[in-house]
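Contents: one structure, followed by commentary.
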Amino acid sequence: MTVSGTAGHGPLAGVRVVELAGIGPGPFAAMLLADLGADVVRVDRPNGVGLPINPEYDVSNRNKRSVIVDLKAADGADRVLDLVERADILIEGYRPGVAERLGVGPETCHARNPKLVYGRMTGWGQDGPLAQRAGHDVAYIALTGTLGMIGEPDQPPAVPANLVGDYAGGSLYLVVGVLAALHHARATGTGQVVDAAIVDGAAHLAAMIHGMLAAGGWQDRRGANLLDGGCPYYGTYETADGQYMAVGALERQFYEEFVDLLGIKDQAPAHKDVSRWGELREAVAARFKTRTREEWTAVFEGSDACVAPVLSLREAPAHPHLAARGTFVDHGGITQPAPAPRFSATRTSVRGGPAQPGADAADVARDWDVPDLMKDRTKGSPE
């Protein structure tokens, strides 16, 4: 994949991004920028870093190009700075201070490129008592109160994979931040540092709930509220075949259609009768157990009862709605989510598979007009 191959693909076509290799939210943020059309060059390490799988399957590196630079080598920082000088955005996910020690911190980069947007992705943030401590998604969302909201009231909090912290509270906020800063840089000629901390983003995601808590409309415990499984018409239920149906009939008209189609209209209490939630939940659970997931899917098909089958990762791409929209695509033998969101004038696509470490050095050197990244400048020979 070359720059010419990315032209016209997405609203960020022409934007150049340097990604200092890491794992998790940094690569996902860079993938999102690449999906939107940016020319993302991932600077991989000689010893590799990434998911513990074959890099050919690491979808978070799709639509990118890769070069290998040893930042600990004498000329390593200079090689990266050559790219930085021509870039619009840089993304790094080191612990605070590491990029500075490697010679590619914000001050050094801005000396070469004052317009650069320098995006920093961490769990705890660039400052604060925990800034230097190791961590992962589950710990970040634990401290924000987010994890404590999820799960059954009489069970330990349920771990939502690493979607809420790493990707929702981390990657997406980093992307919003660097694009906002890019807008500012293009208007003023001045770049800046974007400090994207997962704890900040995960806390921000719960803004509405904090408002409800302050107003007395949310109880500070699991499984007792409208949106956390406490409400019997907003949750999941097992079917006769051991599968599950998801129910989200929050509004009165949807609730009435739900209990009617479920066949418990005569038993159902008034829509807002919280005192009978326990009774209603038992009735709903018992009723769902009488048919299979497929049968209940057919019952609710075409209705506004807000009921859907709970599908597995392998089942989801075949759902008629998702198939019709092309929500998933097959590329290079891998079924994967298509780029999102969608644009009417600057369409996006999966243009290339996961970047293989170092495979694009010659093309990047040519397209970005930098010294040959395949050469060792101190010796004048291939590394």
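Of all residues in the range 282-295, those satisfying the criterion of being within 9 Å of residue 237 (Cβ to Cβ), in contact (Cβ under 8 Å) with a residue 40 or more places away in the chain and assigned to a helix (DSSP H, G or I) are 284, 285, 288. Restricting 195, 166 to residues that are in the same structural domain as residue 135 (by TED's automatic domain parsing) and not in a helix (DSSP H, G or I) narrows the list to 195.
If the condition is being of a type in the set (Val, Ile, Thr) and farther than 30 Å from residue 85 by Cβ, then the range 321-377 contributes 327, 329, 334, 335. When the residues of the range 187-218 are filtered to those that are touching a strand residue (DSSP E or B) at 6+ places or on another chain (Cβ under 6 Å) and not β-branched (Val, Ile, Thr), the one that is surrounded by the most Cβ atoms within 10 Å (Cβ to Cβ) is 196.
Residue by residue, here is whether (1) in contact with a Ser or Thr (Cβ under 9 Å, 6 or more places away or on another chain); (2) in a helix (DSSP H, G or I); (3) not acidic (Asp, Glu) holds:
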residue: 28; (1), (2), (3): yes, yes, yes
residue: 32; (1), (2), (3): yes, yes, yes
residue: 42; (1), (2), (3): yes, no, yes
residue: 49; (1), (2), (3): no, no, yes
residue: 72; (1), (2), (3): no, no, yes
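Applying a threshold of 8 Å to beta carbon distances and a minimum spacing of six or more residues, or different chains, the list of pairs starting in the range 214-226 at a residue that is assigned by TED's automatic domain parsing to the domain that holds residue 276 and ending at one that is surrounded by fewer than 14 Cβ atoms within 10 Å (Cβ to Cβ) is empty.
For the range 98-113, a residue qualifies if it is under 25 Å from the mean Cα position of the chain (by Cα) and either surrounded by fewer than 17 Cβ atoms within 10 Å (Cβ to Cβ) or closer than 14 Å to residue 368 by Cα (or both), and exactly one does: 98. Given the options 340, 323, 305, 355, name the one that is surrounded by fewer than 13 Cβ atoms within 10 Å (Cβ to Cβ) and either assigned to a loop (DSSP other than H, G, I, E, B) or not small (Gly, Ala, Ser) (or both). Matching residue, one of 340, 323, 305, 355: 340.
The values are calculated or read from the model by the stated rules, or taken from the named source; none is laboratory data. Quick caveat: nothing in here was measured; it's all calculated off a predicted structure. So basically every Cβ, Gly included, is an ideal-geometry build from the backbone, and we count neighbours across all protein chains shown.
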